[in-house]
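Structure first, then comments.
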Amino acid sequence: MTPLKEIGEYVISDGDSEYFFRPSLINMTRIGEPDEIVQALYDLYNDEVGDMMRKALKAFGTIPAWLTSHLASPQYSKKAIVTAMTVLQACSSQDLSALTGEIVPGRSGKWTFVYRKGLMAQEEMIIIARSLMAHGVIGKAKVRKLQRYEGAQASSEFNAFEYISAARTHLDMSRDEAEKLTMTEFQMLLAAKYPEQKGFTREEYEATEDDFLAKQARRRARAG
């Protein structure tokens, strides 16, 4: 299956098998309850592993092998890794244990659970999981965002069924069709159906304000 990257789909191949990922609205519900979905998004972006990865990318332009090895140690196999594995599995109908690895009971007694590595590096899982969540929860469609909506408070919950219901109502879709939409796709379809939203984006408002002030300054200069 060919993935539509514009709406967040991915295909990962390990040579023998292909794994398809779709961050659809219904798949987001497989992550957990509405508040757990938002928590998963937070955990992916606010963790020690992610912070070290971002610093390495900024400093070296890549993630060095020694850091990858260091991050693979048990003490770093915490929230971000477990969350990434959860998100990846939620977005695929296939068994991903060979690809992502798995969490298994520890045998030595030192650790209650340990992470058994799969084919993917931990940093790769986190990066892809972030992208899936961005397309599945936030939406990455390039649409005009009106200034009046920019100050809206962030929600502590993501209720996928509200968006599924909205898609069925506004886009005249069946439940099955609406459930398969990613948030990015939903935004694009909604923008296509309702293109003439009245109002300014923040950039448009500021440009208009600057133009007005410039004209006012010229009039004052001529009057003086």
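Among the residues of segment 15-29, the ones that are in a loop (DSSP other than H, G, I, E, B) and either within 16 Å of residue 155 (Cα to Cα) or under 15 Å from the mean Cα position of the chain (by Cα) (or both) come to 3 in all.
Of all residues in segment 173-201, those that are modelled with pLDDT of 95 or more have Cβ atoms under 6 Å from Cβ atoms of residues that are among the polar types (S, T, N, Q) and outside any helix (DSSP H, G or I), 6 or more apart or on another chain, in 180/24; 182/24. For segment 78-114, a residue qualifies if it is part of a loop (DSSP other than H, G, I, E, B) and not hydrophobic (A, V, I, L, M, F, W, C), and the qualifying residues are 78, 92, 93, 94, 95, 101, 106, 107, 108, 109, 110, 112. Condition check: part of a strand (DSSP E or B) and either modelled with pLDDT of 80 or more or within 25 Å of residue 33 (Cα to Cα) (or both). Does residue 137 satisfy that? Taking the combined requirement at face value, the residue does not satisfy it.
In segment 37-61, what residues are at pLDDT 75 or above, under 21 Å from the mean Cα position of the chain (by Cα) and outside any helix (DSSP H, G or I)? Of everything in segment 37-61, just one residue is at pLDDT 75 or above, under 21 Å from the mean Cα position of the chain (by Cα) and outside any helix (DSSP H, G or I), namely 46.
The values are calculated or read from the model by the stated rules, or taken from the named source; none is laboratory data. Source: prediction; values computed, not measured. Positions of Cβ are backbone-derived with ideal geometry, glycine not excepted, and every protein chain shown enters the neighbour counts.
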